[in-house]
C-alpha cells in the first residue's frame, strides 16, 4: 500500500539503539522545580528582549521576552510566579558559556494568562496562522531551533512536498516516538495547519521502522480523520543513522538532494519536526504558547528512564533528582543524543526548546574516549559518510590546517553527524577536527572580508587625496600666478612712485595678524600631533602616515609664519612708534576674549578626554592651566593698560557711549546660549558622548550672558 | 560530581585498528594451511623469523622515535607486515634474507617513511622487492615442489636445516614455480607438452595446478571473508582480477605462446596480492573510483611484467608502482558530494 518509492542515502551506520529503556512508561509530568531559568536565546536568530523586570509577577503563558526582528522568537513564562533574576547564567551550549537568563520562582498556582486559539483554523488566513505561530514562540523542536514562523513563511507555490521528520534516528532518544504514540491526533491536526499555510501537493511523514507503535498510532489517527485529511502518508523508512538528518530524510523520501548551500525550499520541500507539529497544534487551536516540551531522560545512571513533559527552564538537576539518578555512577551528562549531543558540565543548565534528550551515562556505558591512533586510511569513514565526503582526506587537511584544500574538499557540506568518528578504528575524534577546520575557515573568511574592505577603503581614500592634492596644487598655481602678476604690477607702480613713507607702516600693522597666523599654525601642529598619538594608539598605520604628512605641512606653515613675524618685527623696529600707538583698550579686550575662548576649547577637550579615559588627560590639564595663565596675563595687561590710560588722561572712560554696544553684547550672548542649548539637546537625543562637554560650554555661555546683562544694567543705572 | 566535557559523538564502535589487523591475520589462515599442506613447514618458519624480526625492529625504532612502544606493538600492524612478507617469500628462503627483508620493511619502508599510516609504499612489498633484486639466487631456488611430487614429506628438521644452515639438502626438494616453468618452457614447447609436467598435474585433467590452486583458493576464501566483514571494499580485488583476466584473454589467448589465464590467476601470488597486498589501505587509493583504477593498474602491470619482463611473478613491483600513483588517483577521483552537481577534480588551485 506504500505508494512512495524509497531511496537510500549513501553511507550511514547502525549504532546500538538503546531506545527501549525509556519507552516503558508513558510521558509524565514533573513537580514544579524551585526555579525556572529561561535563556533569552533558545532559537536560531536574534536574541529576544526581556520585557519583564525584577520582582514582576508573571502569569503562565505571559510573554517575558519579545522577538527582535523577524528571525527571532517570543519567550513565555512556563508557569506563574515571580521574576527573581535577569542575569547571566550557564546555558545549554557545547562551550558551557553563559548568557542572559530570566529566572522565575513559581508561585505554585499555575495561573494562566488569557490565551485564545483560532477558531475554525483550517479556514483561517495563512497569514493569521503564521502570526499566531510567531506570537506563540514556536521553534523547531528537532534540534536546531529555527523559528517555525520563518520556515513557514515560504511562498506557498514553491512547496510541493511537506516532510514531517519523525525519523528520530539518534540512539536513546524516544521523545518523538512517545509523543506520536500518545498524541497522534493532535500531530495530524498540526500537520493540517501546516498544509493550510504552505499548501503542499503531498505530505510525507518519514519515520524509522523501529517505531512500530508510533507508526500504528499515526495510521490509526489518519484513518480516524480519513474524510478530511489531504494526501498525508506515513512512510516507514529503514532504520539507519542519520536518516533523520534533514538532507538525508529528503533524499530517502524524494530521491532529491538539497543543493549545497541551498535550502530544502529550493527543491520544493519544507521539513518540519513532528514535535513542532504538536506545538503548532497547541498554539493555533488553544492559543497555548510553547512553554514545555517532551524530553527523554535516560542513561544507565538514570534510575527511572522515561519521557517527561518538561517546562522550559527546568534545571537538568531537577530531572536527575526526579528520576533517582545515581550521582556516583554518573560519568557523562549529555544534552541531545549520543551522536550529536553535547556534554554538560553543570547540571544546573536549563532545558530549552530544542532539548530532546538528557543522557546520564555511566562509565561502562559510554567509556572515556580511547587514545587517538594513527589514521591507516582504512576508508571506513568514507563508507559511513552520508554526505559522500572523504573524511580521511578532510582529517589530514584539518590536522595540517590546510584550509584551502579542506574547503576544496567540501568540508562545509559536513553535517557533523559523527558517523565517521563512530566507525573509526583508530579512535580519531574526526568531527572535532572538522569543527576546528570549519571554525578556522570561518575566521579566515571574516578576516579576509575585513582586510579587503580596509584595502578598498584605503585605496579610495588615496585616490581622493590625490585628487584633492591635484586640485589644491592647481588652485595654488593659479593664485601664485595672480600674485606674481599683482607683484609685477605693484613693482611697476612702485617704480613709478618711489619711496612712499606710508608703505612702511604696513608691516607693523600686520604684526598682530602674523602672530595670529603663527598661533594658528602652532595650534595646527599641536592638534596634528595629538591626532597622530591617537591614531598610533588605535594602530591605524595608514592614518598615522597621512597625519605625518599633514604635520610636516603644518610645521612648514609654522616656520613660514615665524619667519614672516621675524621679518615684520625687523621692519617694525625700524618704526617703533607706530606699533605702540596701535595699543587700544578694544584690542586688549579682544585679546582677553581670545584667550578665554582658547581656554574654553582646552577645557572642553579635557572634559572629552576625561570621559573617554584617554591617556592625554595629563597633557590637556597642563594645556588648560597654561591657557588660564594666558587669560590672566591678558586680563592683567588690560587692567594695567586701562589704569595707565586713565592715569594718563585723568578722564574716566565713561561707558555712556557703550550702552548700545552692551545691549548688542547681551543679544549676542543670548544667541550663543540658544545655540549651545540646541546643540546640547541634539547631542542628548543622539546619545553622543560630547553631552558633558556641551553642557559645560552652555554653562559658560550662560555665565557670560549673566555678566553681559549685569554690565548692561550697571551701565544703564 | 565531576562531569566530562567531551565532543560528540559520544559512542563509538568497539572495533579498533588492532581488530582490523587481527581480522586480516585470521583471514590468512586458509592460505597458510594450504601452503603448509603442500609445501611443508617452510612458511611457518618464515612467519616466525619475520614476526620476531618485525617486532624487535618495531620496538627499537619506536624507542628511537620516542613513541609509546606497548601501544604501537599492540596494534598488530608490524606483525601483519611480517606475516604477509613471510608468505610472499619462497618457503625455504635462507633466514638472513628474511631478516633483511623484514628489517628493511619495518625500519625503512614503514618508519623512516613516517610510521603507521604515513608510508607511501607497501612495507612488505618494499622488503620483498629489495631481496628479490639483491639476492636473486636464493629467491629463485627456494621453492619446494608440491608434496605429492615428493617421495617423502618435508620434515621440520629438514626445513630448519635448509633455512638456517646447509643449502645442500634443499636441492632434494626444490622446484620452479608454475609461472616460472611455463614461461621458460613456452618458448620451446607447446601448451600440451608443458602441461605434461607433473607440476601442472600431468595427465590428471581434474585440476590444472598441483597444490598451487588450493593455496590460491585459500587466499581467495580469506579475501572474500574480509570483504564480507567490510574490512575493505570489493573494488580493488575485483578490478585487479578483472584487468588481469582481460589482459590474459586478449593478449594471451594462445596458450602455446603465452601463459594461460588459469595459471595467471591460480599459479602465482595473484590471490594473495589481490586480497591482502593491494588492499593495504595505507598505500592504496581510497575513493571508490580510485580503487577501481588502482586495482586495474596493478592487474595490467602484473600481466605486462610477467609476460614481457624478466621476473616470473610481478605482484610486488606492480603494487609498488601503483603506490606511487595512489595519491594522484585519489585527487582526481573524489566522489560527488551530497548537494553538488559534479565532483571536484584535483586539488584546489593556488592563486
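The values are calculated or read from the model by the stated rules, or taken from the named source; none is laboratory data. Keep in mind that this is a model prediction, so the values were computed, not measured. Every residue, glycine among them, receives a Cβ derived from its backbone with ideal geometry; neighbour counts consider all protein chains shown.
For the range A:362-403, enumerate the residues that are over 36 Å from the mean Cα position of the chain (by Cα), in contact (Cβ under 8 Å) with a residue 40 or more places away in the chain and more than 9 Å from chain B (Cβ to nearest Cβ). Within the range A:362-403, A:362, A:364, A:372, A:381, A:384 meet the criteria. Here the strands (runs of 3 or more DSSP E) wholly within the range A:63-150 that include at least 1 residues being crowded, with 23+ Cβ neighbours inside 10 Å and free of Cβ contacts under 8 Å to residues at least 60 places away in the same chain are A:63-66, A:81-90.
Of the set (1) assigned to a helix (DSSP H, G or I); (2) without any contact (Cβ under 8 Å) to a residue 24 or more places away in the chain, all apply to residue B:320 but (2). In a loop (DSSP other than H, G, I, E, B) and in the same structural domain as residue A:222 (by TED's automatic domain parsing): is that true of residue A:190 in this structure? So residue A:190 does not fit the description; no.
Could you tell me whether any residue of the range A:96-109 is closer than 26 Å to residue A:340 by Cα and within 14 Å of another protein chain (Cβ to nearest Cβ)?
Looking only at the range A:96-109, we keep the residues that are closer than 26 Å to residue A:340 by Cα, and these are A:96-101.
Then drop every residue that is not within 14 Å of another protein chain (Cβ to nearest Cβ), which leaves A:96-97.
There is at least one residue in the range A:96-109 that is closer than 26 Å to residue A:340 by Cα and within 14 Å of another protein chain (Cβ to nearest Cβ).
One residue alone among B:348, B:284 is over 14 Å from the mean Cα position of the chain (by Cα) and at the interface with another protein chain (Cβ under 10 Å from one of its Cβ atoms), and that residue is B:348.
For the residues A:458, A:436, the requirement of being more than 14 Å from chain B (Cβ to nearest Cβ) and touching a helix residue (DSSP H, G or I) at 6+ places or on another chain (Cβ under 7 Å) singles out A:458.
When the range A:316-350 is filtered for residues that are farther than 20 Å from residue B:10 by Cα, surrounded by fewer than 23 Cβ atoms within 10 Å (Cβ to Cβ) and either in contact with a helix residue (DSSP H, G or I) (Cβ under 9 Å, 6 or more places away or on another chain) or facing chain B (nearest Cβ under 9 Å) (or both), only A:348 remains. The residues listed here are A:277, A:302; of these, the one that is farther than 25 Å from residue A:250 by Cα and either surrounded by fewer than 24 Cβ atoms within 10 Å (Cβ to Cβ) or in contact with a helix residue (DSSP H, G or I) (Cβ under 8 Å, 6 or more places away or on another chain) (or both) is A:302.
List the helices (runs of 4 or more DSSP H) that sit entirely inside the range B:1-87 and contain at least 1 residues that are within 14 Å of chain A (Cβ to nearest Cβ), surrounded by fewer than 20 Cβ atoms within 10 Å (Cβ to Cβ) and under 24 Å from the mean Cα position of the chain (by Cα). If you could, list the steps in order and put the result at the bottom.
Values: elements: B:17-27, B:29-39, B:42-64, B:69-73.
Passing ranges, in order: B:17-27, B:69-73.
To keep it simple, each residue is scored yes or no on (1) exposed (fewer than 14 other Cβ atoms within 10 Å of the Cβ); (2) more than 39 Å from the chain's Cα centre (by Cα); (3) within 14 Å of chain B (Cβ to nearest Cβ).
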position: A:6; (1), (2), (3): no, yes, no
position: A:9; (1), (2), (3): no, no, yes
position: A:13; (1), (2), (3): no, yes, yes
position: A:17; (1), (2), (3): no, yes, yes
position: A:23; (1), (2), (3): no, yes, no
position: A:27; (1), (2), (3): no, yes, no
position: A:32; (1), (2), (3): no, no, no
position: A:36; (1), (2), (3): no, no, no
position: A:40; (1), (2), (3): no, no, no
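Looking only at the range B:110-121, decide whether some residue is more than 14 Å from chain A (Cβ to nearest Cβ) and closer than 19 Å to residue B:273 by Cβ. No; the residues of the range B:110-121 include none that is more than 14 Å from chain A (Cβ to nearest Cβ) and closer than 19 Å to residue B:273 by Cβ.
Would you check if residue A:618 is closer than 26 Å to residue A:690 by Cα and modelled with pLDDT under 80? Yes. If we scan the range A:445-454, do we find a residue that is assigned to a helix (DSSP H, G or I), facing another protein chain (nearest Cβ under 7 Å) and at pLDDT 90 or above? For the range A:445-454, residues assigned to a helix (DSSP H, G or I), facing another protein chain (nearest Cβ under 7 Å) and at pLDDT 90 or above: absent.
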